[in-house]
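Structure, as C-alpha cells:
FYI, it's all coordinate maths here, none of it is from the lab. Computed from a predicted model, the values in this text were never measured in an experiment. No Cβ is skipped: glycine too gets one built from the backbone with ideal geometry, and neighbour counts run over all protein chains shown.
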Amino acid sequence: MILDEIIEGGLLGDGSIRSQDGKYFTFQIVGKDVEFLKWIAKFFNIGGINCWISRNNADLFMLGFYINTCPYPKFLSLRKEWYTRISGKTVKILPSNLEITPIKLLFWYLGDGCLVRRKNDGNRVPFIVLATNCFSKENIDILIGKLKELGLNFYPVEYKSGFTGKKCGYCLYSNTQDGTPLKFFQLIGLECPLEIASCSTGSKGIYHEQKFFKDKWPREEDWIKILSNIKEIGPILRKKRLELELSQNQLGKKIGIRRENIRDVELMKRNFSVKNFRKILEALNLDISHLLKVLNTPKLEMN
C-alpha cells in the first residue's frame, strides 16, 4: 500500500510518530510550504484518513492527525517498530525488517535530502545528501547496506548543526563516480513531482537563497556532469556517430580528442571528462533528454 511507504519514507527523514501524555499518538510531517503538505495529505485522504495542517512558532507547517481517532491502526505498531527507550530517552531506530522501496526513498529525499552543486566548478558531479542525524551509527551502517542493495553507494559524513556548529550525528553522501546519482533518480523519478515542483523548501545557504523542491532534481548542466560518468553512454554515442557516417578518427579530429579515447568510451572501458563529453554532445548533436530516454530510465508513478 502506497500510504505505508509514504509514512515509512517520512520516518526515514524528519517525520515522527509522537506520544502525547501516553494516551494517544500523532504522526507529523513538517514542511516550509503548506502546498507541499496538502499534496501529501491527498494520499492520506485517498486512504480515508483526515489530516490537519497547522503552523508552529518556527514558521513551519505540520501535517498530522490523532491516532486514537484515525482508522489506521498500523500507526500503533509503527510506533513500536521505529522507536525505543535508551537511557530514559525515546529515540528513533530502524525496524529490523525495513525494506527501502522507490516510494520510501522518494519521501525520505523530499523530507530530508538535497542535491549539492559545487558553485563555480563546471566539471565536478553534484552529489546527493540524505540526512540521517537522528539515527545511531549502527543504524546508519544498516541504511548504507540497504541502499547498496538498490545499487546505490553512500558513505557517512559527520554532520554539524548550522545553528550551534556542534557535531550531531551523520549525513549520507552519495558516490559520484559509479553512476549512483543516475540510479538514484531512476528510482525516484527523473523529474520532481509536478504538483510540488514550485513549492518552497525555504532559504538555504549563506546567501539565504530561496529554494524549491524542483531544485532537488538535476538541471541540464547537472545531467551533463552525471551522464559523463555513465559507461552505458558509450554505445549510444557510437550509434549516433555511425548514423552521421563519421569514423572515430574523423570525430576525434573534429573535436580534438584522440581516436583511442573515443574507442574506449564506445566500448565502455572508460568515461569522457565532463569537458570532452560536452564536445561530443555538440559534435553529435545530442541532447540530454534524448540520452535519458535511450537509457530507458523508469519513472516513479505517484497517481
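Things to note:
- Selection status of Glu221, surrounded by fewer than 18 Cβ atoms within 10 Å (Cβ to Cβ) and touching a Leu at 6+ places or on another chain (Cβ under 7 Å): no
- Elements of type helices (runs of 4 or more DSSP H) in segment 229-290, at least 2 residues being closer than 21 Å to Leu190 by Cα: 233-243, 274-283
- Asp222 vs. criteria among the charged types (D, E, K, R) and out of contact with any Pro (no Cβ under 8 Å at 6 or more places or on another chain): no
- Listed by position, the helices (runs of 4 or more DSSP H) enclosed by segment 81-189 that each have at least 3 residues that are farther than 17 Å from Lys216 by Cα and touching a residue at least 40 places away in the same chain (Cβ under 8 Å) are 137-149.
- Applying the condition of being surrounded by 11 or more Cβ atoms within 10 Å (Cβ to Cβ) and among the polar types (S, T, N, Q) to segment 81-131 and asking which residue is nearest to Gln210 (Cα to Cα) yields Asn123.
- Candidates are the residues of segment 277-297 that are loosely packed, with under 15 Cβ neighbours inside 10 Å and closer than 15 Å to Glu220 by Cβ; the one that is farthest from the chain's Cα centre (by Cα) is Glu282.
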